[in-house]
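To keep things clear, I will list the structure first and then write my remarks on it.
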Amino acid sequence: MKSLLKLGLVYTYKCNASCASCCFECHPNLTEKMELKDALDYIHQAAASSTFDEIGISGGEALLYEDEVLKILDYASGLGLKTSLTTNGFWGNTQENALYKLELLKEKGLTNLVVSTDEFHQSFIDYDYIENILIANEIVGIPLKIYNLVIRTSSEHPLATKYKQCDWIKGACVPAGRAKHQIPSGNYIYGDYGGRCTYADKLTIMPDNFVYPCCSPGIRLKSMQLGSVSELSIAQLVQAKENAALLNIIIRRGPKWLKEAGEARGCFLQNRQDEYVSICHLCMEIFEDEVFLQQMEPFIKEILAEIDYEKHLKREPVFRDKT
Ligand code: SF4
Ligand code: SF4
């Protein structure tokens with residue numbers, strides 16, 4: 001059975017913080033946001049297609065538009081969809097306020113809360129705010145993940161030991177967006193970047209209406225765009241994702257495999273390096289390298305034919321190529 005997708009709504013680029021690590025370079029002065037009526041329409045289409053089971057709201061800081069976020073949660077949960085919300089926790093200034101907001105979110109059907117907290121976020125938001133949310137959520141009980149972005153010089157999160165029973169996720173910062181300009185390359189944690197992509201199980205809609213196949217930090221690249229919700233329906237965008245040739249290679253073989261397949265054919269990435277933070281980091285380097293993509297174009301059909309043949313042997317459905 002085909003697994004269901006997640007519809008990601010990057011609701012706004014406006015944020016009350018401007019973290020050095022921010023991949024979308026969000027800032028208090030940015031005003032770009034999604035219209036509420038459009039967000040509800042995307043959710044309606046997603047539910048009608050039976051292809052999605054979850055709506056994810058992020059930003060920027062989506063809760064700067066609290067009333068709208070609550071309406072989105074209410075609408076999505078009313079249609080039977082799971083919901084997740086990513087926030088920097090600016091609303092946890094007191095335990096009372098944290099409790100009030102969490103109860104409101106739960107009442108509107110929020111099924112998963114993600115709180116981003118690390119040295120970058122806490123240049124703007126006090127650690128106490130995060131602790132207030134953790135304490136209040138012991139009463140409210142929304143399933144909670146704490147996302148902790150790290151670089152080589154990061155110390156242990158000050159709340160990690162005290163709240164070790166919580167679901168902490170450590171993620172290595174990728175040099176994308178503001179991070180690329182503000183964090184020196186020697187400070188990233190380079191690691192394993194092999195294997196196939198198993199994270200492109202989304203349609204992520206940005207405030208400018210362009211849609212991408214995942215929610216990785218480096219996605220805002222023209223070559224990764226599946227289309228725009230101004231021109232295509234959600235169902236057409238799902239089809240575009242299934243037909244996207246390079247993405248299918250990344251999903252079936254992985255970015256490292258594609259880089260090496262290129263090298264074997266005399267095509268090299270312009271930015272030659274041997275270390276990457278993750279497969280998403282290398283994937284971003286591939287998708288932003290127009291020269292590499294152009295050189296690889298004649299080989300894409302051949303690679304896809306191999307993958308199709310492999311799928312055929314495994315009796316999996318074959319996608320149509322689009323180069
Ligand atoms: S990383 Fe999150 S909290 Fe920080 S500026 Fe970006 S959106 Fe705002
Ligand atoms: S490997 Fe590429 S397609 Fe997959 S999640 Fe990362 S950036 Fe997205």
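What follows is calculated from the coordinates using simple rules that are stated; it is not laboratory data. Because the structure is predicted, anything quoted here is derived from the model rather than measured. Reconstructed Cβ throughout: ideal geometry from the backbone, glycine too, with neighbour counts over all protein chains shown.
Details
- Among 195, 92, 60: highest mean-square fluctuation, GNM of the chain, C-alpha pairs under 10 Å: 195
- With N as its number of residues, segment 5-189 has a Cα radius of gyration that, divided by 2.2 N^0.38 Å, comes to 1.02.
- Residue with peak Gaussian network fluctuation, the chain [Cα springs, cutoff 10 Å], from 70, 104, 247: 104
- Net charge dipole, the chain: roughly 760 debye, given to the nearest 20, about the Cα centre with Cβ charges of +1 for Lys and Arg and -1 for Asp and Glu.
- Global form of segment 149-251, assessed from the alpha-carbon gyration tensor, a/c cut-off 1.5: prolate
- Calculated on the Cα set of the chain, radius of gyration then Dmax: 20.3, 62 Å.
- Set 14/222; 37/222; 164/259 screened for pairs whose C-alpha atoms are more than 31 Å apart: 164/259
- C-alpha center-to-center spacing [segment 286-308, segment 92-133] in angstrom: 44
- Estimated 222 nm signal from helices in the chain, with DSSP H stretches of n ≥ 4 weighted -39500 (n - 2.57), rounded to 500: -11500 deg cm²/dmol
- The chain: angle of helix 66-78 to the longest principal axis, Cα-based, in degrees nearest 10: 70
- Which of 295, 271, 247, positive extreme of dipole for segment 245-313 (C-beta unit charges): 247
- Using Cβ point charges alone (K and R +1, D and E -1), the dipole size of segment 5-189 about the Cα centre works out to roughly 520 debye.
- On the basis of the beta-carbon distance and an R0 of 56 Å, residue 242 and residue 94 show a calculated FRET efficiency of 0.75.
- Candidates 224, 296, 284: whichever shows maximal mean-square fluctuation once the chain is modelled as a Gaussian network with Cα springs under 10 Å: 296
- The simple Förster model, with R0 at 35 Å and r as the Cβ-Cβ distance, assigns residue 190 and residue 138 a FRET efficiency of 0.40.
- Paramagnetic reach from residue 297 in segment 244-276 [backbone N under 20 Å; point 7 Å along Cα→Cβ]: 244-250, 258-259, 261-271
- Translational diffusion coefficient of segment 245-313 (Stokes-Einstein, Kirkwood radius from Cα pairs, 20 °C, 1.002 mPa s): 174 µm²/s.
- Most positive-pole-ward Cα, 93, 81, 206, against dipole of the chain from beta carbon charges: 81
- The alpha carbon centroids of segment 37-61 and segment 228-268 are separated by 23 Å.
- Estimated dipole of segment 231-294 in Debye, rounded to 20 [Cβ of Lys and Arg +1, of Asp and Glu -1, Cα centre]: 280
- Quotient of Cα Rg and 2.2 N^0.38 Å for segment 198-311, N being how many residues it contains: 1.06
- Calculated FRET efficiency for the pair residue 160/residue 104, C-beta based, R₀ 22 Å, to 0.05: 0.20
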